[in-house]
Structures are given as C-alpha cells and as structure tokens.
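The structure appears right after this line, and notes come after that.
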C-alpha cells in the first residue's frame with residue numbers, strides 16, 4: 001500500500017514522502033481501515049514539525065490523525081463493528097495518510113449515511129476545538145463580539161457558524177479582500193482585511209473605542225499583537241497556535257499592561 005511517512009521532524013514539504021508499506025494486520029480489538037479521506041489539519045503539520053505535544057512518533061512515522069474510512073478487516077475481540085461499515089476514524093498515533101490503517105476498535109465510530117465523506121473526515125478535531133474555545137474556554141455570551149483571525153480556514157468557518165447559532169457577533173480577519181464576501185455569506189457579521197490597516201484600528205471603527213471582550217488567534221506575530229490591542233480593558237484573548245512562528249508583543253504599549261485586566265491565554 002501507499003503511505004505518507006516522515007523519517008524525522010522537519011518542514012512537511014521537506015520530510016513527507018509517499019512510501020510503499022505492507023498492508024497492516026489488525027490485532028486484538030483492532031480494525032483495519034480502508035481510508036477514503038483524511039484532512040490536513042494544523043495539528044498534523046505541527047506533529048510533523050515536532051511541535052505537537054502529547055504524541056511522540058516512532059520514526060519513520062506516519063501522519064494523519066483523523067479521517068473517514070470503510071472497515072476492511074476486524075481483529076479478535078471486536079464487537080459492534082463489521083467489515084464494510086463506514087466509520088469516522090481517530091488515529092491517535094498518526095497514520096491515516098495512507099491507503100490502509102489499523103486503529104483500536106473504540107477509535108472507529110459508525111456514521112449515518114446522510115453525512116458526506118468530506119464532513120465525516122473532519123468530524124472531531126476542528127469541531128471539538130471550536131466548541132471548546134467558544135463555549136468553554138472563552139464562554140462567549142450571546143450578543144457579544146468575538147474577534148478571530150485565520151477566519152477563512154475550516155476551523156474559522158466552523159467558528160462563524162457556531163457563533164451564528166449561539167447568537168454571538170463575529171469580526172473575522174482575513175488576508176485577502178476576495179475572501180470577505182464568502183465569509184459574509186457564511187454568517188460573519190464583519191470582515192476586515194489585515195493588509196488594509198492595523199487590525200485594532202479597523203476593529204475600533206466597527207465596535208467603538210472600547211474594543212472587543214473576546215478574541216481567538218492561531219497566528220501570533222504582528223496579527224496576534226494587533227488582535228490583543230483590539231481587546232477591551234477586561235478582554236480575554238485565546239492564542240491557540242503560532243502559524244507565523246513569532247510571539248506576541250504586549251509590553252511595548254504600557255496602556256495595555258498597566259491598565260485594565262486583559263487576559264492572554266495560551
């Protein structure tokens with residue numbers, strides 16, 4: 001079978017290669033999956049780079065933490081699953097970027113026929129992240145503004161739809177003007193383009209000088225810094241990534257650190 005693997009940590013474009021591997025055999029309470037689709041999530045790329053906590057690969061290692069598949073074989077002791085069932089598959093060790101993968105039976109969940117493969121493939125990581133960040137970590141109340149960057153990605157789109165469902169108003173930050181209308185059509189209340197001026201100035205033009213109480217950012221760097229500057233004096237910002245590879249600067253403006261009770265949570 002073909003499987004994407006990497007021999008050591010590094011930039012995905014440099015270390016990921018398509019290899020030929022033996023088709024794996026399921027062990028006790030395991031199932032073998034014929035993979036249909038497996039998404040490329042930021043967590044997958046962080047894993048390849050060696051920046052993903054909680055999972056240590058054994059090199060050469062496979063990648064891909066989730067996907068949609070059909071059960072191809074079952075090992076001894078498997079109950080409630082059978083060959084031919086379509087399932088969502090969580091591969092905690094990585095390895096779904098392959099034609100076949102073996103996972104514990106409890107990591108394969110049958111899905112209804114009316115849920116498309118493309119949605120099933122991304123059933124856990126992004127939706128769970130959106131729910132945890134918006135409803136639990138930030139606990140954004142109905143009617144409040146939520147500012148988020150990287151909004152044109154799949155997770156950003158899920159946050160827009162979730163916020164719309166929960167009665168939360170969203171300001172979404174994108175890099176390109178041509179992405180704005182699509183996000184507005186999706187339900188974003190306001191869309192700003194980072195290249196059209198400082199984010200905090202654009203935010204204040206929308207909500208007023210007070211700023212926003214809640215913000216989410218996976219980019220850090222200059223974008224993250226400007227999002228932090230968009231917070232109200234009691235604002236709460238959640239930083240869940242560093243796609244820019246840079247940190248956030250909050251100490252260069254004493255007004256941000258000497259007044260108010262702003263919170264930056266990682």
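The values are calculated or read from the model by the stated rules, or taken from the named source; none is laboratory data. Here the structure is a predicted model, which means the values were calculated and not measured. Methodologically, a virtual Cβ is constructed for each residue, glycine included, from the backbone with ideal geometry; neighbour enumeration extends over all protein chains shown.
Values as computed for the structure displayed
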item	result
Residues (touching a helix residue (DSSP H, G or I) at 6+ places or on another chain (Cβ under 9 Å), surrounded by 17 or more Cβ atoms within 10 Å (Cβ to Cβ) and over 26 Å from residue 129 (Cα atoms)) located in the stretch 28-51	30, 31
Qualifying residues in the stretch 109-131 (those that are over 20 Å from the mean Cα position of the chain (by Cα) and surrounded by 14 or more Cβ atoms within 10 Å (Cβ to Cβ)) - the one farthest from residue 163 (Cα to Cα)	109
Strands (runs of 3 or more DSSP E) wholly inside the stretch 128-239 containing at least 1 residues that are touching a helix residue (DSSP H, G or I) at 6+ places or on another chain (Cβ under 7 Å) and in contact (Cβ under 8 Å) with a residue 60 or more places away in the chain	145-148, 212-217, 231-239
Residues (within 11 Å of residue 69 (Cα to Cα) and either at pLDDT below 95 or part of a loop (DSSP other than H, G, I, E, B) (or both)) located in the stretch 28-44	38
Given (1) assigned to a strand (DSSP E or B); (2) in contact (Cβ under 8 Å) with a residue 40 or more places away in the chain; (3) under 24 Å from residue 53 (Cβ atoms); (4) under 19 Å from the mean Cα position of the chain (by Cα), index of the condition residue 243 fails	(1)
Condition check for residue 72: in a helix (DSSP H, G or I) and more than 27 Å from residue 130 (Cα to Cα)	no
Identity of the residue in the stretch 1-27, assigned to a helix (DSSP H, G or I) and in contact with a helix residue (DSSP H, G or I) (Cβ under 8 Å, 6 or more places away or on another chain), that ends up surrounded by the most Cβ atoms within 10 Å (Cβ to Cβ)	15
Any chance residue 213 is at pLDDT 95 or above, in the same structural domain as residue 165 (by TED's automatic domain parsing) and either more than 22 Å from residue 162 (Cα to Cα) or touching a strand residue (DSSP E or B) at 6+ places or on another chain (Cβ under 7 Å) (or both)	yes
